[in-house]
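Enquirer: Here it is, the structure, as structure tokens.
The values are calculated or read from the model by the stated rules, or taken from the named source; none is laboratory data. Keep in mind that this is a model prediction, so the values were computed, not measured. Heads up, the Cβs are rebuilt from the backbone with ideal geometry, glycines too, and the neighbour counts pull from every protein chain shown.
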Amino acid sequence: MLCQRCEKEPASVHIDEVRAFVSPGHASNDIATHHLCEVCAQKAGLPSQQVQAKATIDEVWKLLQLSAVTATKRKPTVACGECGTTLDELRRRGRVGCQQCYDTFAEYLGELLERMHGSAQHVGRIPGTDERTVERTRRIDEVRTQLARAIADEAFEDAARLRDELQGLERHHAEALAQAARVIAPSEVVASDPDRSLP
């Protein structure tokens, strides 16, 4: 095949130019194929080096052995001094080995929890509370955080508004908890004295 530009030399550089791509095999794909000689390819600013011949089986084998040796010489991983759990084990099993692991792997646990649960913050229910109570508690915590940020940023008008909102939320929350305490029937109350029996 001759070069498409000069039409004199044999084409040794073959280029597929993707003008429009929708998806593999799609009829609207626009791909142009160009066949150029070495001289015309250089004039077009294309790389002029000949493509290296395929590696032999021996060369591939040596590369695989080298990568295996490199992988085994990785730097040692973080390990808990108490139980010996390594970071790799923590990631693989998804659980810590002891209480000390929380301190040892503190910087990695946030990432791990987020990957496992989709969030590093607990969003489940708290035993013994209804959804409205949980939502009120969350909102109070959120306003407290915003208030602290507003004070740190010296945005005192926002801080005053947030303070008033926080006081209202806390008052409403306390009233709701008091109301819920009055609603609990005596049969739901568990005696704290094991010797005392319930009616």
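Enquirer: Sort through Glu82, Glu7 and tell me the only one that's in the same structural domain as Arg95 (by TED's automatic domain parsing) and either modelled with pLDDT of 80 or more or not in a loop (DSSP other than H, G, I, E, B) (or both).
Expert: None of the others qualify; the one that does is Glu82.
Enquirer: Out of (1) more than 30 Å from Arg95 (Cβ to Cβ); (2) at pLDDT 70 or above; (3) of a type outside the set (S, T, N, Q), the odd one out for Leu112 is which?
Expert: Of the numbered conditions (1) more than 30 Å from Arg95 (Cβ to Cβ); (2) at pLDDT 70 or above; (3) of a type outside the set (S, T, N, Q), the odd one out for Leu112 is (1).
Enquirer: Next question. Which members of the stretch 23-42 meet the condition of being over 14 Å from Ser12 (Cβ atoms) and surrounded by 10 or more Cβ atoms within 10 Å (Cβ to Cβ)?
Expert: Correct list: Asn29, Asp30, Ile31.
Enquirer: For residues in the stretch 46-71 being over 12 Å from Val13 (Cα atoms) and part of a loop (DSSP other than H, G, I, E, B), which is modelled with the highest pLDDT?
Expert: Thr56
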